[in-house]
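> One structure coming up, written as structure tokens, with questions to follow.
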Amino acid sequence: MTRIIAGRAGSLRLEVPKAGTRPTSDRVREAIFSALESWGAIEGARVLDLYAGSGALGLEAASRGAASVTLVEKHAQAAGVASRNARTVLQAWQGGKAGAAPTIDIERHSVQTFLDRELARGEASARWDVALLDPPYDLDDAALTENLTALAPLLSPDALVLVERSSRSPEPTLPALLAPIRNRAYGETVLWWSELA
């Protein structure tokens, strides 16, 4: 079972795709969002969740006060699950008085196609404050680096980037525009944090 841990939609259960995704554990999601909240990076933020799967990472951000969340998932079944989960999370705002509901968009594209399209828009493109990448563990380092290279120009000046990888995967190769902040291991999962250089 996957659930929203905290915030306006806290404890809501989320649907997960039947196959093809690897949901981030509650323990790791709590570590991610404890870090982001300690840095003051979630409230009012524009969040980009790449390789979104069920949308659990981005929707956790929405529950905790992000202004907008974009979920990017190329697989039809997983994108459908993310869309249903987004509707479930947004229902937590109905009838409430605790601020406006976030905007949640689902983009059914490959990550690289989505980022290349945003880059082609130039100055009109969105600038994200937080980018969360939880790619399949079998995604090779060159493809991840290509993603990060395309992502960097789309970030706001104080943006934070998280890459979640297997402890057996190599350290992500960052493009020149990104600088590492720290990394933390949680069992088989390693969280790699970076910011604009």
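Every number in this text was worked out from the coordinates using simple rules, so none of it is lab data. Just so it is clear, the structure is predicted and the values come from calculations on it, not from any experiment. Here Cβ is always computed from backbone atoms with ideal geometry, including for glycine, and neighbour counts include all displayed protein chains.
> Compute the projected area of the convex hull of the Cα atoms of the chain, averaged over all viewing directions, and report it in nm² to one decimal place.
With the hull built on Cα positions only, its mean projection is 10.3 nm².
> Which value, in nm² and rounded to one decimal, describes the direction-averaged projected area of the C-alpha convex hull of the range 123-191?
If I average the Cα hull's projected area over directions, I get 4.7 nm².
> Where does each of 38, 83 land when they are ranked from fewest to most other beta-carbon atoms within 10 angstrom?
Arranged by neighbour count, lowest to highest, 38, 83 become 38, 83.
> Same structure again: Considering only DSSP beta bridges with both partners in the range 2-196, what is the antiparallel share in %, to the nearest 5?
45
> Less than 15 Å from a label point 7 Å out along the Cα-to-Cβ axis of residue 127: which backbone N atoms in the range 159-197 qualify, by residue?
In the range 159-197, the label zone of residue 127 (backbone N under 15 Å from the point 7 Å along Cα→Cβ) covers 159-160, 196-197.
> Can I ask one more? Taking every Cα atom in the range 59-109, find the radius of gyration and the maximum pairwise distance Dmax, and write them in Å.
11.3, 35
> Return the whole-Å distance between the Cα centroid of the range 126-197 and the Cα centroid of the range 1-58.
16
> Could I ask something else about it? What is the gain in length, in nm to one decimal, between residue 3 and residue 34 on full extension, counting 0.36 nm per residue of separation less the C-alpha to C-alpha distance?
My answer for the length gained is 9.5 nm.
> Over all directions, the average projected area of the alpha-carbon convex hull for the range 35-89 comes to how many nm²?
Here the figure is 3.4 nm², rounded to one decimal.
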